[in-house]
1. Per residue, how much accessible area does the chain show when a 1.4 Å probe rolls over the protein heavy atoms, in square angstrom?
2. By how many nm would the segment from THR88 to THR354 lengthen if fully extended, with 0.36 nm per residue of separation less the alpha-carbon distance?
3. Around GLU250, with a cut-off of 12 angstrom between Cβ atoms, what is the net charge of the other residues, counting Lys and Arg +1 and Asp and Glu -1?
4. Once phi is turned into θ = phi - 60°, what whole-Hz ³J(HN,Hα) does the Karplus curve with 6.51, -1.76 and 1.60 give for every residue of region 352-361, x standing for Gly and Pro?
5. Going toward the positive end of the dipole of the chain, with +1 on Lys and Arg Cβ and -1 on Asp and Glu Cβ, which of SER259, GLY464, ILE229 do you reach last?
6. Protein chains only, probe 1.4 Å: how do TYR406, TYR269 rank by accessible area, largest first?
7. How much accessible surface does LYS110 have with a 1.4 Å probe, in Å² rounded to 10?
8. So, with a 1.4 angstrom probe, what is the percent of accessible area on region 28-204 that is carbon and sulfur?
Amino acid sequence: MFLCLALLTLLPATVSISPGVKVELTQKGIDYGRQLGIASIQSKLKTIRIPDISGTTNVPAVGKVKYSLSGLQLLDVGLPKSALDLVTGSGVRLSIGDAYMKLRGNWKVKYLKFITDHGSFDLNVNGLTITTSIKIDSDDTGRPAVSTISCSASVGSLKIQCHGGDKWMCDLFKDLLEKFGRKSLEKQICPLVQTAVSELNPELKTMNVLAKVDQYAEIEYSMVSSPVISNTSLVLNLKGEFYNIGKHQEPPFTATDFSMPTEANNMMYMGISAFTVNSAAFVYTTAGILSLYITDDMIPKSSPFRLTTKSFGIFVPQVEEKFPDLPMKLLVKAVKSPTVTFEPDNMTIQAAATVTAYAIQPNATLSPLFVLSLESSVSGRVFVSGIKLAGEVTFHEMNMTLVTSYVGDFRVESLDNIFKLVVKLVIIPNLNERLAKGYPLPMIGKMKLVSSQLHILKDYMLIGTDVQFMG
């Protein structure tokens with residue numbers, strides 16, 4: 001139940017926009033949530049206490065009897081049957097049936113002024129039913145909050161077994177417990193259920209509505225519409241947008257809605273759109289960190305190619321002629337945000353950058369050699385790592401054109417193999433190091449993803465996973 005509530009309570013924002021991320025809870029997930037909720041309610045019901053009952057009454061053929069029922073202890077609570085139903089457009093309804101309680105207490109009587117007797121008794125409460133409807137709401141920070149809007153509880157039957165005493169005494173105790181004990185039980189049950197529900201709120205406040213990714217970026221997971229609830233599942237529409245930390249600038253593109261497939265094998269499914277990933281690219285481009293200085297020490301020592309004017313001179317002779325035997329430095333800098341596209345089983349990233357080549361003078365002065373325009377395409381692989389989404393890319397193809405030359409004209413094609421090597425040996429590994437760190441998925445509390453699988457579909461990724469809430 002609590003898993004269901006936790007996901008249901010990510011409530012709508014004031015502005016309706018298309019989601020970047022969708023989360024669907026299936027019947028399997030709802031059943032797991034119900035188990036967690038029942039365990040919590042059962043624990044609360046075990047705190048029930050029936051106060052001592054004492055007084056005086058008249059018993060036919062016996063006369064005035066002074067009695068007391070004391071020390072009632074709850075020994076066991078059983079909730080063998082329960083159901084958690086989604087209520088279309090509103091919330092959830094929890095039903096508990098055939099519940100039972102076992103209690104034990106002591107009895108004592110005095111009658112005919114001088115006769116006293118005492119003993120113990122066992123009380124079995126059967127046919128206990130509880131029905132509660134739960135409202136889903138949010139606080140002023142956009143985090144979820146839950147409350148009980150209605151609750152009813154009724155006791156089916158009370159059966160007493162007396163140890164010691166006469167039959168008339170046991171009949172008396174049964175009447176007393178029917179009159180006072182039943183009312184006491186029914187009065188305590190709903191407040192305890194309400195407490196179990198309200199105690200979910202501190203856990204819900206841990207939801208990562210705004211999750212930090214690194215020193216540059218954070219991702220927002222607030223709801224953009226009400227939950228879409230059917231009789232078998234619920235879908236939550238999350239914003240799923242990256243922002244620069246402290247500066248929420250919208251990208252020059254918007255999310256487009258996508259439809260989740262009908263799946264039921266896992267407890268939960270997450271759909272992550274290309275919009276979400278592209279908003280990350282926009283954030284890092286805006287932050288100015290999609291640039292990289294490449295020096296010779298970043299080239300593997302096993303490579304015959306070195307980042308020197310001598311090596312480049314083999315393909316562009318005037319580089320070596322004007323700047324003989326000098327080390328070089330390359331500045332690779334994105335000129336616009338990379339674009340990520342999703343097709344079935346295929347993720348592609350298109351990137352545009354400039355490459356500025358420098359000769360490093362003995363006094364460390366940088367002398368520009370040329371500037372290239374680089375259009376590249378890489379394929380990507382994404383995977384779930386713990387509670388994060390991580391990835392890696394593989395070089396696919398690139399095209400270069402000459403923007404400016406400070407050493408005279410030359411054929412750019414002559415540098416193709418060199419820059420393919422630079423991309424494969426330096427740029428791709430550098431990018432993969434960042435991607436391996438991943439970014440947080442929407443989570444609540446100590447939630448753990450189990451047996452996760454990821455598939456790339458048209459315009460979005462689909463994660464199927466089971467979940468566990470760790471104690």
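The values are calculated or read from the model by the stated rules, or taken from the named source; none is laboratory data. Nothing here was measured: the structure is a model prediction, and the numbers come from that model. As a convention, Cβ positions derive from the backbone with ideal geometry for all residues, glycine included, and neighbour counts pool all protein chains shown. Just the protein is used for accessible areas: all its heavy atoms, side chains included, with ligands, DNA and RNA removed. Shrake-Rupley method; radii C 1.70, N 1.55, O 1.52, S 1.80 Å.
1. On the way: 22440 Å² over 471 residues.
Per residue, the chain has an accessible area of 48 Å².
2. Working: separation 266, 0.36 × 266 = 95.76 nm, distance 5.35 nm.
Additional length available on full extension: 90.4 nm.
3. Numbers: positive: LYS239, LYS247; negative: GLU220, GLU241.
Residues close to GLU250 contribute a combined charge of 0.
4. Running phi through 6.51 cos²θ - 1.76 cosθ + 1.60 with θ = phi - 60° gives 10, 8, 10, 10, 9, 9, 10, 9, 9, 6 Hz.
5. ILE229
6. On the way: TYR406 115, TYR269 10 Å².
Descending accessible area places them as TYR406, TYR269.
7. The accessible area of LYS110 comes to roughly 90 Å².
8. Numbers: 4290 of 8890 Å².
On region 28-204, the fraction of accessible area on carbon and sulfur atoms equals 48 percent.
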